[in-house]
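Working notes, structure below.
Just so you know, all these numbers are worked out from the coordinates, no wet-lab data involved. None of the values given here were measured: they were computed from a predicted structure. Cβ: placed from backbone, ideal geometry, glycine included. Neighbour counts: every protein chain shown.
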Amino acid sequence: MEEKRLEEKIGKVPEIFKELKQTDPDLYGKVMGLDQVIWADGALSRQTKKVIAIAIAAALRDGHAVRAQMAGAANLGVSKEEIEEGLRVAFLLAGMPAYVHGKTALEEYLGNRPRR
C-alpha cells in the first residue's frame with residue numbers, strides 16, 4: 001500500500017525503497033510513516049509543500065529529487081507558475097545556480113510530459 005502511495009506521489013517507486021523494504025523492513029516502515037506525516041495536509045497544503053520541496057531540491061542541485069518532486073507536483077495539480085515562483089525564492093536564498101538548475105529541470109520535465 002505504501003508503494004502505491006509513493007508511486008502516486010513521485011511517479012515511480014525508487015529502487016532504494018524497494019531494497020530498503022527487503023533489507024530493513026522496520027526502517028522502511030518508519031520512513032514511509034514519516035513520509036505520510038510530512039506530506040499530509042496541515043497548516044500547509046500538499047501542493048505548497050511540493051513547491052517547497054522542489055525549491056529545496058533545486059537549491060541542493062539534486063537532479064533526481066527535483067525530477068521526482070516535479071512528477072509528484074504534477075500529480076497534485078501544482079502549476080508551472082507556482083513552481084517558478086518557488087524557484088525564484090530558491091534563487092534569492094541559494095543563488096543563480098539553484099534557479100537555473102530548477103528551471104532547466106522544469107523545462108525538461110514539461111517537454112517530456114504528455115499533452116492533454
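A few comments on the model shown:
- Sequence of Arg5, Arg67 once ranked by neighbouring C-beta atoms within 10 Å, starting from the fewest: Arg5, Arg67
- Ordered by the count of other Cβ atoms within 10 Å of each Cβ, fewest first, Asp41, Asp35 give Asp41, Asp35.
- log10 of Debye I(q)/I(0), alpha-carbon scatterers only, for the stretch 42-116 at 0.16, 0.25 Å⁻¹: -0.47, -1.12
- Whole-number percent relative contact order across the chain, with pairs defined as alpha carbons under 8 Å at least 6 apart: 27 percent
- Of Lys18/Lys49; Lys30/Lys103; Lys21/Lys80; Lys30/Lys50; Lys18/Lys103, pairs whose Cα-Cα distance is over 27 Å: Lys30/Lys103; Lys21/Lys80; Lys18/Lys103
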